[in-house]
Structure formats: C-alpha cells, structure tokens
Amino acid sequence: MINKYSAFFAASAIGCTCASQAGLIYSTNFEAYTNGTLAGQTAWSGIGGNWLVNGTVNTGQTAFSVMTSTVGSNTSKVVRMTTEKYLSAGRSKGYLDMANSGKWATESAGGNTTLVTEMSVYVGSGQSLACSFGLLVYKDSANAAGGLFISSGGRIWTSDNGYALASRTDRGAIALDAWHTLRQEWDSVSGVTNAYVDGSLVATYTTTQKGGLYSSMLFATTDAASGGTTALNGFGYADSFSVSTVPAPGAVALLCVAGALGARRRR
C-alpha cells in the first residue's frame, strides 16, 4: 500500500540521504511479562518505565491483565482489556509515560514528530454490553487526541478530541472473533492522522488536540447508554504492541531536497 511515507523510502532507495531516521521506542509481544496485572511491569528502565493502569472495574476483575490464553487461533501471552463498570463513556487504559520519562523528547528529536502506534486486537462476539477496544493518543495527561477502536458491534471507530461516542467517526464494518492489526500514524505537530486496519487505510483526518505527546495507550471504553446494571463487563485482547517515530513528511522533503542539492554540487 502506498502511504505518505512511501516517497521517503523510495527516495532513500535511489540515494537520497536523509539525516532523520525512524526510531523504535518500544515493542513487545508480552511473552516476557509476568501473568497478572499489567500495572508496574517494566518496559524500559528509568523514570516512567513501568506500565500504568487506570480504570475502575468490577470486583474480581483487573483492568489490564497479562495471561497465557488461547484467543482465536493463537495460544500465547496476551493482555486482556476489561471495561470500567460505568455504563456510559467509562474507560480503562494501560500506558507508558513517554513525556515525563523523556522518551518522546529523545526519539522525536531531529524532526521525528510522527508517532506510530501498532497493536493487534481481538474482540469477541456476544459481549454483555456495548464496548470498544484499541489504542488512543493523549496530547497531555488531560487531553486525548486521536484513537482507533474496534467495537463489540463490529465497527471500526476513529476518535478525535476524546473517546466518547460523540467524538467518534464510523469507518466501516469488521469481523468479530478474529485478530486485527491497528496502526495509527499521528503527526504531533500538525495533527494529521492516518488510521490503518489490517494494512488498509481507513481514514485520514486532523486531530483537534496536537502540539505535544503524553502517551499512546491500550484502551477500553464502555459505550452503553446510562441506566441498567453496572455488574457487566466487556473484554478485549491486545498483543504485539509497539510505538515508534518517523519523520514528519515536510521534514523528510526538506532533508531529501537538501541531500539532492548537495549531491548535485559534489558532481
């Protein structure tokens, strides 16, 4: 599939030297993790190196739990994501603090202002309440930017400036009871966002919140309307999570033009 970075890779292949390179921040398939809560498990050493978990779930449940389980056709370690007990716009999240840890400042230096978040998500049919599971970027600790979710109703959602239903746009249908790959490319400066599901581009849009990055996280949200019982839970599963940076398209173009001019002068 051709996307906005194809020109960068093509230019590199024909000799365009660009100083700004993609940088992997973190990647895991959770196999090295200990079964139990995701909270406190270490991704990298130093400040903000542990996974943080936020969400008020029902007694006996854990918001994000590492477990060895057969989910779909895969038997491996996965993270089970559990919805909050609140019926309307309740959310639970598991995240790494990339702002206070200094990870984002380091990895975004030199024009690498686009954050790429990838993960595999499994949402089963027959959920006990309406819910959605996926990933969400926060500009800072209080303001959500863009998200990409799969719902218990088999819908693909992108979100802007929050995670409530009113902040989402429906991007089409998807099969439940199957693993799907989500990829979100978010330019933290411009807010331009590309959302992919299973390698296909489903949306390009610009987020309202931009200009900084706090974290990109595993995310579960309750979509049911208020009323009824709070005793129900929705469950989804996450695997193969990674966050990385790539140069912003404008920075790539300038660097490649500079490289081409330099090569012409040397000739």
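The values are calculated or read from the model by the stated rules, or taken from the named source; none is laboratory data. Predicted model, so just to flag it, every value in this text is computed and none were measured. Positions of Cβ are backbone-derived with ideal geometry, glycine not excepted, and every protein chain shown enters the neighbour counts. These area figures cover heavy atoms from the full protein model, side chains too; ligands, DNA and RNA do not enter into them. Shrake-Rupley method; radii C 1.70, N 1.55, O 1.52, S 1.80 Å.
Among the residues examined, S200 qualifies as among the small types (G, A, S) and open to solvent by 40 Å² or more (accessible area, probe 1.4 Å). On the stretch given as the range 68-87, residues that are over 11 Å from F235 (Cβ atoms) and either modelled with pLDDT under 90 or open to solvent by 40 Å² or more (accessible area, probe 1.4 Å) (or both) total 9.
Scanning the range 161-200 for residues that are over 15 Å from the mean Cα position of the chain (by Cα) and more than 17 Å from V137 (Cβ to Cβ) yields L165, A166, D170, G172, A173, I174, A175, L176, D177, A178, W179, S200.
Taking the numbered list (1) closer than 26 Å to V71 by Cα; (2) open to solvent by less than 50 Å² (accessible area, probe 1.4 Å) in turn, E118 passes all entries but (2). Does the range 89-104 contain at least one residue that is over 20 Å from A39 (Cβ atoms) and open to solvent by 50 Å² or more (accessible area, probe 1.4 Å)? Scanning the range 89-104, I find no residue that is over 20 Å from A39 (Cβ atoms) and open to solvent by 50 Å² or more (accessible area, probe 1.4 Å), so the answer is no.
When the test is whether a residue is charged (D, E, K, R) and in contact with a helix residue (DSSP H, G or I) (Cβ under 9 Å, 6 or more places away or on another chain), D223 passes it.
Here is the figure for the range 155-179: residues that are outside any strand (DSSP E or B), touching a residue at least 24 places away in the same chain (Cβ under 8 Å) and open to solvent by 50 Å² or more (accessible area, probe 1.4 Å) total 3. Search the range 55-67 for residues being in a loop (DSSP other than H, G, I, E, B) and surrounded by fewer than 18 Cβ atoms within 10 Å (Cβ to Cβ), and hand back the single one that is nearest to the chain's Cα centre (by Cα). Within the range 55-67, the match that is nearest to the chain's Cα centre (by Cα) is T56. Hey, any hits in the range 144-154 for a residue that's modelled with pLDDT of 95 or more, closer than 25 Å to G102 by Cα and surrounded by fewer than 20 Cβ atoms within 10 Å (Cβ to Cβ)? No: zero hits. When A224, A220, A231 are screened for being out of contact with any strand residue (DSSP E or B) (no Cβ under 8 Å at 6 or more places or on another chain) and either at pLDDT below 95 or in a strand (DSSP E or B) (or both), only A231 passes.
For the range 180-193, the tally of residues that are within 16 Å of S151 (Cα to Cα) and surrounded by fewer than 19 Cβ atoms within 10 Å (Cβ to Cβ) stands at 2.
When the range 42-54 is filtered for residues that are open to solvent by 30 Å² or more (accessible area, probe 1.4 Å) and either part of a loop (DSSP other than H, G, I, E, B) or over 17 Å from F219 (Cβ atoms) (or both), the ones remaining, listed by number, are T42, S45, G46, I47, N50.
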